[in-house]
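Beneath this line is the structure, given in structure tokens, with notes to follow.
The values are calculated or read from the model by the stated rules, or taken from the named source; none is laboratory data. What you see is a predicted model; the values in this text were computed from it and never measured. Ideal geometry is used to build each Cβ from the backbone, glycine not excepted, and the neighbour counts take in all protein chains shown. Accessible surface is based on the protein model in full, side chains and every heavy atom, while ligands, DNA and RNA are left aside. Shrake-Rupley method; radii C 1.70, N 1.55, O 1.52, S 1.80 Å.
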Amino acid sequence: MKKISNILLLLTLAFSHLSAQDVIKIEYKGATATVNVPSSITNVVSSVNGANVTITSNSTNKEYTYQVKGTSTDGSLTINGDYKMTLQLAGVTLTNAHGGAAIDVECGKRIAVELADGTVNTLCDAASGSQKAALYFKGHAEFKGSGTLNVSGKLKHAISAKEYIELKSSTGTINVLEAVSDGIHCGKGKQNNENNYFLIKGGVVNITNVGGDGIDSDDYGVVRIEGGTLSVNIKDDASGLKADSTVTIKEGILNISVKGEDSKGIRANHTVNIMGGRTTIIVEGDGSKGIKAKRYESGSTVLNGGFLNISGGELSVQCTGGNLPAESGFTKCVAVSVDADLKQTAGDVDITVTGPETVAYTVDGSDTHTDGTFVIRQIPWTVMTSGYLYDMTVYVAVSDNGERLSTYDDVAIGAFIGDECVGYGIFEKEGYGVIRVRSNDTSAQPVTFKLYRFSDQSELILIPSKDVTFQNDVNVGEPSNPIVLSSKKEGDANVDGEVNVADVDFVIERIGETVNETNKSADVNDDKKIDVADVDFVIVCII
């Protein structure tokens with residue numbers, strides 16, 4: 001047994017030694033860079049000009065690892081070759097300020113991108129040049145490793161690959177901080193062929209501040225979500241996820257928020273398949289769509305599509321907007337728009353639309369639901385949350401006729417400044433809910449609240465337990481102590497739904513009593529006393 005252990009140890013050391021010999025190290029140090037190619041590697045050459053590194057590999061049968069670390073505010077890395085390789089980002093901060101990508105891998109094969117454990121890596125390109133992205137791959141990139149990668153695309157995309165991009169289950173965190181065009185871009189592919197795709201199996205991906213699509217799998221490309229957490233926040237007209245053929249969601253958590261006219265949460269130019277996972281889409285803007293399954297009958301794309309298939313998972317779509325004037329009529333704001341057939345065999349779908357012009361869903365072909373749930377909520381208030389500069393957060397709970405609600409399945413809560421609805425909430429938690437209140441004015445404006453009940457389409461004014469005034473970037477209330485919104489009418493002391501002389505008599509009978517759970521409704525002005533002031537309050541409400 002001891003002899004076998006020694007042999008295994010020797011083999012481990014041997015393989016470790018061989019692995020170390022296969023690592024080419026690139027390190028940036030401000031305005032300079034160094035490249036260390038092991039002496040055993042004779043088919044790799046490098047050149048360094050300041051902090052700009054170019055490496056060419058002539059290997060045809062051996063994979064090398066290129067380890068990159070260090071910092072430079074004006075440097076770059078270009079790797080040429082015809083054989084697969086590993087790019088290990090081991091704590092590098094690299095900005096190409098003079099034009100071109102930060103890292104450009106001109107190898108048309110598989111590139112394993114390792115985010116070294118415990119490292120933070122930051123890449124940024126220049127706002128000039130001819131590069132396609134700050135991090136570009138001529139071939140296909142497969143990400144792994146638990147480190148963090150931050151990328152900014154100053155000219156076009158943040159991350160781009162000519163073929164597919166895959167995130168393994170071991171992937172850490174990828175943050176797209178900005179991009180003039182797409183956050184992550186794939187292309188090109190072939191018709192009816194999934195060689196071109198974006199695939200996430202694990203990790204956390206955050207995409208913000210991009211001018212184009214969050215993720216775009218172009219030229220017959222597909223998007224596949226099979227795990228991990230993907231959050232996409234798009235400010236302008238674009239799509240959160242866009243595929244030239246299909247989008248398929250099997251597992252994972254997907255959060256998409258898009259704003260702007262004619263924007264899309266998910267756009268597939270053939271089919272959207274929702275098989276599992278939890279997908280939340282929030283879309284704001286005239287003519288916008290939460291999900292768009294597109295049908296093309298001609299052109300250079302996959303033809304005769306337009307399908308939405310739901311066979312599992314949880315889908316929540318919240319859509320706000322109006323009609324968008326177009327040359328040939330109006331483009332409606334629709335939560336789910338299907339050009340061909342919608343088929344649901346399982347899964348839970350929750351659609352919420354606000355305002356009278358927003359449409360819950362449209363299906364041009366067949367519309368079948370054999371199992372699962374398909375719930376539509378239409379809120380009457382027009383809520384345009386994308387056009388405001390400032391916001392605050394209010395934690396609230398609702399009391400209906402003196403009883404705190406234990407479920408919010410049937411209600412929506414709206415926040416108003418004057419007659420303008422500046423925020424709403426459909427709560428999932430039993431104890432409290434969260435409403436983001438928006439404004440273009442930082443002055444202390446009174447905020448009022450309303451409740452809308454979906455089952456009977458009724459609307460009630462809610463009275464907060466304390467006055468709420470707008471304050472930019474603050475929290476009002478907290479989860480453990482939310483603002484209580486009461487649905488009873490002002491002056492309705494006996495809580496019978498009417499305000500009349502009976503309420504005056506109810507208060508008079510209790511004048512002087514200490515406020516408690518049995519008589520608190522007589523304290524109509526909420527000053528913790530029952531006195532003549534409460535009688536006057538009721539009379540004013542009657543008048």
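Annotations
- Peptides 518-527, 244-253, ordered by how many other C-beta atoms sit within 10 Å of their residues on average, highest first, read 244-253, 518-527.
- Accessible surface of His98 - all protein chains present, 1.4 Å probe, nearest 10 Å²: 100
- Values of log10 I(q)/I(0) for the chain across q = 0.08 Å⁻¹ run -0.65, by the Debye formula with one identical scatterer at each alpha carbon and no solvent.
- Peptides ranked, highest mean first, by Cβ atoms within 10 Å: ranges 284-291, 27-34, 222-229: 284-291, 222-229, 27-34
- Amide H contacts under 5 Å for Ser257, placed H, 5+ residues apart: Val232, Asn233, Ile234, Ile282
- Listed by chain and number, the aspartates and glutamates whose alpha-carbon sits under 18 Å from that of Lys332, ignoring those within fewer than 8 places in the same chain, are Asp236, Asp237, Glu261, Asp262, Glu284, Asp286, Glu357, Asp364.
- For region 255-261, 3J(HN,Hα) computed residue by residue from phi via the Karplus equation (6.51, -1.76, 1.60; θ = phi - 60°) reads 10, 10, 10, 10, 10, x, 4 Hz, glycine and proline entered as x.
- Across region 250-382 the C-alpha pair distances fall into 10 Å bins from zero in the proportions 14, 44, 35, 7, 0 percent.
- Listed residue pairs exceeding 23 Å between alpha carbons, taken from Lys259/Lys466; Lys235/Lys264; Lys138/Lys294; Lys144/Lys292; Lys294/Lys343: Lys259/Lys466; Lys138/Lys294; Lys144/Lys292
- GluC sites (Glu not before Pro) within region 375-471, DSSP loop, no more than 16 other Cβ atoms inside 10 Å: Glu428, Glu430
- What the Cα atoms of region 342-393 give is an Rg and a Dmax of 15.1, 44 Å.
- The label point for Tyr296 and the one for Lys466, both projected 7 Å from the Cα toward the Cβ, are 5.8 nm apart.
- Gain in span if fully extended, Thr362 to Thr34, counting 0.36 nm per residue against the direct Cα distance: 112.2 nm
- Cα gyration tensor category, rounded, prolate or oblate, for region 361-501 with a/c compared to 1.5: oblate
- log₁₀ of I(q)/I(0) at q = 0.16, 0.35 Å⁻¹ - region 227-267, Debye sum with one point per alpha carbon: -0.41, -1.16
- By accessible area, using a 1.4 Å probe on protein heavy atoms only, the chain has 48% of its surface on carbon and sulfur.
- Region 424-543: antiparallel DSSP beta bridges as a percent of all, rounded to 5: 100
- Taking trypsin sites (Lys or Arg not before Pro) across region 366-461, the ones in a DSSP loop with at most 13 further Cβ atoms lying within 10 angstrom of their Cβ are Lys429.
- Prolate/oblate/rounded label for region 160-274 (Cα gyration tensor, a/c 1.5): rounded
- Take the Cα of His369, go 7 Å toward its beta carbon, and the backbone nitrogen atoms of region 305-322 under 16 Å from that spot belong to 308-318.
- Sites Lys109 and Glu420, calculated FRET efficiency, Cβ-Cβ separation with R0 60 Å, nearest 0.05: 0.60
- Two-decimal log10 I(q)/I(0) for region 228-294, as the Debye equation yields it once each C-alpha is a single scatterer, q = 0.14, 0.22 Å⁻¹: -0.35, -0.86
- Anchor Lys69: lysines whose Cα lies under 16 Å away (excluding residues fewer than 8 positions away in-chain): Lys25, Lys29
- Rounded to the nearest 10 Å², the accessible area of Lys84 at probe 1.4 Å: 80
- The chain: calculated mean residue ellipticity at 222 nm from DSSP helix runs of at least 4, using -39500 (n - 2.57): -2500 deg cm²/dmol
- Cα gyration tensor shape for region 190-331, rounded if a/c is under 1.5, else prolate or oblate: oblate
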